[in-house]
Amino acid sequence: AWLLGLPAPLTLPTPDGILTPDTVHTCLANLAGRTGPLLLTATAGTTDSGAIDPLPALADIADRHGARFHIDAAYGGPLLFSDTHRTALHGLDRAHTVALDLHKLGWQPVAAGLLAVPDPTTLAPLAHQADYLNADDDTEAGLPDLLSRSLRTTRRPDILKIAVTLKALGRHGLGELIDRTLAAAQALADLIEAHPRYELHSRPTLSTVLFRPTGADHTTLATIRRTLLTDGQAVLGRATTPTGLWLKATLLNPHTQPGDLTTLLKLVEGHIPR
Ligand SMILES: Cc1ncc(COP(=O)(O)O)c(C=O)c1O
């Protein structure tokens with residue numbers, strides 16, 4: 001919004017880690033008298049916890065207030081490939097625009113993002129004509145006109161690795177990797193719940209598991225993360241929620257074995273002060 005010179009976005013409180021339909025409704029109702037278009041942005045897989053906003057309820061609210069509806073499905077979007085998990089994305093099809101990214105549940109290095117739209121005319125504002133790039137007669141003769149597909153012109157074509165991934169693995173292949181990765185996250189959550197020295201933030205929605213040694217303070221959590229990182233043993237993130245600071249394990253290796261998860265918990269346990 002800042003780069004495009006748009007009004008500053010309104011951010012809403014998310015005490016449970018997801019947008020609450022009532023809060024969104026009240027916010028849009030308060031904006032009713034204003035002129036100009038409205039855009040409601042939801043997230044399908046937050047970076048902190050992997051939580052998915054209540055998409056159908058938010059789509060209803062966007063409809064009611066005449067707002068465009070965008071979903072950031074960078075993390076959770078690939079669940080569509082899984083027969084087991086795709087229902088978690090119920091309501092995704094009601095968005096006017098969806099951001100997808102294959103850099104987590106798509107196993108590609110950054111950058112691997114794309115904007116998907118159900119109605120191709122949504123991309124019309126991207127159309128741009130420059131004689132030296134896409135002269136009208138060339139476009140009419142059927143030569144590809146990439147200028148109306150992307151803002152990136154001569155930049156790196158990230159779409160290539162996305163296309164290769166989809167072609168090589170297919171819907172089924174990707175779905176299988178996603179099922180295995182999400183199962184590993186559930187297995188880690190089980191181990192944490194059963195462990196007397198750990199607490200689990202919540203059952204994982206995607207492949208992110210938030211946990212901490214029970215009662216650990218900020219300094220302890222920072223020491224654990226930095227020590228495991230500098231020793232080359234594990235890369236753990238961090239997330240702050242209304243219940244404080246948590247260690248964040250984002251599982252992305254579909255070949256993770258139960259023994260790997262126990263090892264991770266043992267490594268962390270080794271740094272809990274007695
Ligand atoms: C939910 C979500 N959206 C977007 C992104 C990436 O955004 P960008 O491509 O702008 O860096 C991430 C990065 O991990 C993410 O987790």
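The values are calculated or read from the model by the stated rules, or taken from the named source; none is laboratory data. Remember, it's a predicted structure, so these values are computed and weren't measured experimentally. For neighbour counting, all protein chains shown are included, and Cβ atoms are generated from backbone atoms with ideal geometry for every residue, glycine included. Side chains are part of the model used for accessible areas, which takes the heavy atoms of the whole protein and leaves out ligands, DNA and RNA. Shrake-Rupley method; radii C 1.70, N 1.55, O 1.52, S 1.80 Å.
Pull out the extension gain between L229 and R86, defined as 0.36 nm times the separation in residues minus the alpha carbon to alpha carbon distance; nm, one decimal.
48.1 nm
Excluding ligands, DNA and RNA, what is the solvent-accessible area per residue of the range 181-268 at a probe of 1.4 Å, expressed in Å²?
Value for the range 181-268: 47 Å² per residue.
Can you compute the modelled spin-label distance between D63 and T122, with each label point 7 Å from Cα toward Cβ, in nm?
So the label points at D63 and T122 sit 1.6 nm apart.
Multiplying the sequence separation of L146 and D93 by 0.36 nm and subtracting their Cα-Cα distance, what value in nm do you get?
Contour length minus the Cα-Cα distance gives 16.5 nm.
What lysines does K167 reach when the alpha-carbon gap must be under 19 Å and sequence neighbours fewer than 8 apart in one chain are set aside?
Straight-distance partners of K167: K104.
Would you kindly find the accessible area of V117, with a 1.4 Å probe and non-protein molecules such as ligands, DNA and RNA excluded, rounding to the nearest 10 Å²?
Around 40 Å² of this residue is reachable by solvent.
Expressed as a whole number of Å, what is the distance separating the alpha-carbon centroids of the range 34-112 and the range 214-249?
28
Would you mind working out the accessible area per residue for the range 21-167, using a 1.4 Å probe, and quoting it in Å²?
The answer is 59 Å² per residue.
Using a probe of 1.4 angstrom, how much of the accessible area of the chain is carbon and sulfur, in percent?
58
How far is helix 55-64 tilted, in degrees, relative to the longest principal axis of the Cα atoms in the chain, given as a value from 0 to 90 rounded to the nearest 10?
So the helix axis and the longest Cα principal axis differ by about 40 degrees.
In whole percent, what relative contact order does the chain give with Cα contacts below 8 Å and a gap of six or more residues?
Across the chain, relative contact order equals 15 percent.
Computed FRET efficiency, Cβ-Cβ of R238 and L115, R0 30 Å: what is it to the nearest 0.05?
0.55
Any idea what angle helix 218-230 forms with the longest principal axis of the chain, computed on alpha-carbon atoms, 0 to 90 degrees, nearest 10?
80
Per DSSP H run of at least 4 residues, take -39500 (n - 2.57); add these up for the chain, divide by its residues and hand me the 222 nm value, nearest 500 deg cm²/dmol.
About -10500 deg cm²/dmol.
What are the aspartates and glutamates whose alpha-carbon lies under 14 Å from the alpha-carbon of K161, with same-chain residues fewer than 8 places away excluded?
D101
Output the antiparallel fraction of DSSP beta bridges having both residues in the chain, as a percent to the nearest 5.
65
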